[in-house]
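Below: the structure, in structure tokens.
The values are calculated or read from the model by the stated rules, or taken from the named source; none is laboratory data. Since the structure is predicted, the reported quantities are computational estimates derived from the model, not experimental observations. Here the Cβ is made from the backbone with ideal geometry for all residues, glycine too, and neighbour counts use every protein chain on show. Quick note on the areas: whole protein, heavy atoms, side chains included, nothing else; ligands and nucleic acids left out. Shrake-Rupley method; radii C 1.70, N 1.55, O 1.52, S 1.80 Å.
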Amino acid sequence: MAERFLVIKDLHVNVEDSPILKGLNLEVGRGEVHVIMGPNGAGKSTLANVLLGHPKYEVTAGTIEFEGKLLNDLKPDERAKLGLFLSFQYPEEIPGVTMENFLRMAKIAQTGESISITKFNRILREKMDLLAMKPEYASRYVNDGFSGGEKKKSEILQMLVLEPKLAVLDETDSGLDVDAVRVVAQGVKQYRSSENAIVIITHHSRILEYIQPDYVHFLIDGRIAKSGGPELIAEIEQSGFAALQSQSGRA
Amino acid sequence: MRKKTQVADVNRSLYDIKDKFEYSFKTDGLNEDVIREISAQKNEPDWMLEFRLKSLGIYHKLDVPPWGPDISGLDIDNIITYVKPKTDLNVTWDDVPEDIKNTFVRLGIPQAEHKYLAGVGAQYDSEVVYHSVQENFRKQGVIYLDMDTAVKEYEDLVRKHFMKCVPPSDHKFAALHGAVWSGGSFVYVPAGIKVEIPLQSYFRSNAPGAGQFEHTLIIVEEGASLHFIEGCSAPKYSVNNLHAGCVELYVKEGAFLRYSTIENWSKNMYNLNTKRAIVEKNGTIEWISGSFGSKVSMLYPMSILKGEGARSDYTGITFAGEDQVLDTGTKVVHAAPYTTSNINAKSISKSGGVSVYRGVVRVLPNAHHVKSSISCESLMLDSDSRSDTIPVLDINNDEVDIGHEAKIGRISDEVIFYLMSRGISEEEARAMIVRGFAEPIAKELPLEYAVEMNNLIRLELEGTIG
Ligand SMILES: Nc1ncnc2c1ncn2[C@@H]1O[C@H](COP(=O)(O)OP(=O)(O)O)[C@@H](O)[C@H]1O
Ligand SMILES: [Mg+2]
């Protein structure tokens, strides 16, 4: 690969002293879409959180590099400023802080440039239209009282506004009805470009009907157990993770 | 490197300026002669002098309240020094440190108030604003005066209401107030008049004792409405450490009064303020209250719902930092059927600060079909801080609908991570969460006050990180 974008090497991560990731290797190139699938509890969200530097996740060995920079010791906000983004599996609620205010602050923090409220709100409305979100969401408090589907849309909205270089979508399509999956997928397609990369963590192939991935990985018991092209999705649909799981158990 | 927020580099201790003043005289205590002198200086009618002297007698008889926070740091025997400071203060605007001047600017305080706030004598120029406001209201029959003038110009009206709502016998500091009060606002809104724009208190007299013992008297007649705002986010530069003001609000039948306050006392201050409203049939009182600063605050705005269908809404927030005890809350007396009260109290404590919600809802035996809902929420920013909730319910009628809910919380690491993952610094993330917590109060305030309150929160949070 000519350019190193995201490179994870031999990553070991503990959560509350118990090992969750146990030597994970992954490379993602600019312009690529990767899918990560795996059974519950395999460590997918752990990987997502550790990429953004959640303090609860302790890296005991290995490295994460992004565009040649070592991320291991960087704080979450510093990683965000480098262009990383996580669409949370369970987005947090922030009562009293409006979506538009929060997103504008985040945008200013990331770009280091101030942007007028009017100009920012115009951009925000455009992105909201794209996701079929009613304008009043902008003045609602961040995720406060949002339904599960609204929270996921709110994550994708944030991605579209913040324009990260690498977006990790942690089960963004879970718990959404068919229409919502389509809308979210369209948002992701809109964002996809040769300049950035997407890592989609999912249990379902439905979202992949809209977004063609370049690579598919199976994450099992804290490691990438198998990698390949989109054809792996059909394999998992047919036989599930059980066979792979027993293999990795023996290893 | 973390970028500091706009006002983060303002040194808080600048507010706590050393005692540079000399007092013109000292006596061993508060006596009749002093009271007579205050009254004579003000050229008051006799009944007010009598009132002051009677209050002084009560003051000497009453003890400091046996409950609540420790106020032993208050030098009660030397109360005289709070009352009669030397009036010609030899401080000029040039003497005020640059940093303080800059702080006023950063807090967004209007230029006109800077000199006053800096404690630079009688320079506060409110005349222009005052006259234009006055002209507008005069046409509607609204009276808006400083209290000292009102005693003389509207003697009967004042006499009929003055300390009838809060009698001097209420507690020791009410009695003290009755004896030495000075300054404050007087507002009278005639029946049926709706005052459209919020009325702000401009009267900040530099007379001795004003600002420490100011009296606010507001009468809103039948069917009239008013929004009165008292407040300022910059702590007044003062060496006196006792504040015992008094606010009396009369809300007549079908009238509406919203009383908003944002106060920020210097951190040596004992703020023992008494605020009370009497609400007649179908009248409404709304309290919006933001309390910052002070060493100890004991502040419990009280609503007496006297007429059927009267309503009281209380929305308050307090912020207690290091070495501060903010003991606040509200009292409601449901004295008539079909009366309603809503209480929404929030507190923030950090660096060992103590926030106490102390409240009483009392339903008298005759008051059936009362509705009351009480919500207390506190946010502790670290494990050294404390928060207590002491709600008292005294219900003497069975046909009531009362709801009570209390929440004590901390800032969750997950929320901080969420915000930081969007590029927001840890410091700003915390400030954002705290501002969000205070938002229900901020959104009730006019924009410029909401901005001031947010700036205050920012200032108080300074140094929370590392
Ligand atoms: N914050 C946490 N605190 C404690 N245990 C955790 C935490 N996050 C993950 N774990 C544990 O780590 C393992 C992997 O979890 P996770 O990464 O969420 O799996 P996945 O997303 O693949 O379902 C699970 O056993 C889970 O219980
Ligand atoms: Mg997960």
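Compute the acute angle (0 to 90°) between the alpha-carbon long axis of helix A:117-130 and the principal axis of greatest extent of the alpha-carbon atoms of chain A; round to the nearest 10°.
Helix A:117-130 and the main axis of chain A meet at about 50 degrees.
Bins of 5 Å, beginning at zero and ending with the bin holding the largest distance: percent of Cα pairs per bin for the range B:352-460, please.
Calculated P(r), rounded to whole percents: 2, 10, 15, 15, 17, 14, 10, 7, 5, 2, 1, 0.
Short version: what are the Cα gyration tensor semi-axes of the range B:225-322, square root of 5 times each eigenvalue, largest first, in whole Å?
With the √(5λ) rule applied to the range B:225-322, the semi-axes are 28, 12, 11 Å.
With solvent modelled as a 1.4 Å probe, how much accessible area in total do chains A and B shield from it at their shared surface, in Å² to the nearest 100?
So the total buried area for this chain pair works out to about 2000 Å².
Report, ordered by chain and residue number, the aspartates and glutamates lying within cross-link reach of B:Lys152, taken as a straight Cα distance under 14 Å and ignoring same-chain residues fewer than 8 apart.
B:Glu44, B:Asp46
Once the mean 1/r over all distinct Cα pairs of the range B:268-339 is inverted, what Kirkwood radius in angstroms do you read off?
For the range B:268-339, inverting the mean 1/r across all distinct Cα pairs yields 13.0 Å.
Kirkwood Rh over alpha-carbon pairs of the range A:1-141, then Stokes-Einstein at 4 °C and 1.567 mPa s: what D in µm² s⁻¹, rounded to an integer? Kindly include the intermediate steps, with their values, before the conclusion.
Details: Rh = 17.3 Å.
Once the numbers are plugged in, D ends up at 75 µm²/s.
Reported to two decimal places, what Rg/Rh ratio describes the range B:276-435 when computed on Cα atoms with Rh from the Kirkwood expression?
Dividing the radius of gyration by the Kirkwood radius yields 1.07.
Could you give the distance between the Cα centres of the range A:212-231 and the range B:134-174, to the whole Å?
If we compute the Cα centre of each part, the gap is 78 Å.
Calculated FRET efficiency, B:Ser373 and B:Arg410, Cβ-Cβ r, R0 35 Å, to nearest 0.05?
Approximately 0.90, to the nearest 0.05.
Roughly to the nearest percent, how much of the accessible area of the range A:170-251 is carbon and sulfur, given a 1.4 Å probe?
Roughly 46 percent, rounded to a whole number.
What three numbers, in Å, describe the spread of the alpha carbons of the range A:4-250 along their principal axes, ordered from the longest?
Projected onto its principal axes, the Cα set of the range A:4-250 covers 58, 39, 34 Å.
Okay, helix-only estimate at 222 nm for chain A: each DSSP H run of n ≥ 4 adds -39500 (n - 2.57), divide by all residues, round to 500 deg cm²/dmol; what do you get?
For chain A, the value works out to -11000 deg cm²/dmol.
Count, for each residue of A:101-113, the Cβ atoms from other chains sitting within 10 Å of its Cβ, then give me the mean as a whole number.
For peptide A:101-113, the averaged partner shielding equals 3.
Could you work out the relative contact order of the range A:4-250? I mean the mean sequence separation of Cα pairs under 8 Å and 6+ apart, divided by the number of residues, in percent.
27 percent.
Assuming 0.36 nm per residue, please report the length gained on full extension of the stretch A:Leu70 to A:Leu130 beyond their Cα-Cα distance.
Separation in residues times 0.36 nm, less the Cα-Cα distance, equals 18.1 nm.
Which order do A:Thr60, B:Thr216 take when ranked by solvent-accessible area (1.4 Å probe, heavy atoms of all protein chains), largest first?
A:Thr60, B:Thr216
Return the FRET efficiency for the residue pair A:Val178, A:Glu93: r is the Cβ-Cβ distance, R0 is 30 Å, and the value is rounded to the nearest 0.05.
Values: r = 26 Å, r/R0 = 0.86.
For R0 = 30 Å, the calculated efficiency reads 0.70.
Tell me, what is the FRET efficiency for A:Gln186 and A:Ala242 to the nearest 0.05, using R0 = 41 angstrom and their Cβ-Cβ distance as r?
In this case the efficiency is close to 0.75.
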